[in-house]
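Structure record follows, encoded as structure tokens.
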Amino acid sequence: MTAIVIVLLIGIPAGYLVISAAQSRDSGRDKEVESSATGLQHLRPSKMKRRVFEVPVPVGATDVRYYETSNWRTSRLYVQFDVTSGRLDTFLTELGTNRSALRPGALTIPPRDRAAVGWNFDIPGHAWAGTSHHQPSPRPSQDIIVDLTDPGFPRVFVVSTTTP
């Protein structure tokens, strides 16, 4: 009976500590990889990042990628994803704009931001459309470009900028 009590009092908490330490270590590695990234990552931004930068990546979006930069003056979240036509409308509505705000041929993401993640919008034969959604500080503003070459499955490019 004493052996069982010892196992229950010492063994179970020790096992819990080992499992907890391993999970914590894995989480730290994930954060390290994220913070050392130098370009778009094949990941969905966390809910917290999407909320802070006000970029509502739609449920069902595919090929989601993101990259975040931050310095003492500005923070930017770069997001790219593919959606269906209906989910594009939902995304734009949740962002506070709509499809009619997209101007054909408008490349609203500045060249500096395009270069930061390697986006090239000088590809012939693509139907680009863009808009900017400006909000009063401290809320972020978004520059959006949509590739409507395949209108049923557009690709969305967003740069959300905030100044703390």
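Coordinate-derived values only; no laboratory data. Since this is a predicted model, take the numbers as computed values, not measurements. Positions of Cβ are generated from backbone atoms using ideal geometry, with glycine treated the same way; all protein chains shown enter the neighbour counts.
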Could you list, in sequence order, all residues of region 115-140 that are small (Gly, Ala, Ser) and within 17 Å of residue 78 (Cβ to Cβ)?
-> 115, 116, 118, 130, 132
Contacts under 6 angstrom Cβ, first residue in region 51-72 being at negative phi, partner in a loop (DSSP other than H, G, I, E, B) and charged (D, E, K, R), 6 or more apart | 64/44
Region 76-102 residues that are small (Gly, Ala, Ser), paired with ones that are buried (at least 20 other Cβ atoms within 10 Å of the Cβ) (beta carbon under 8 Å, 6 or more apart) | 85/154; 101/92; 101/131
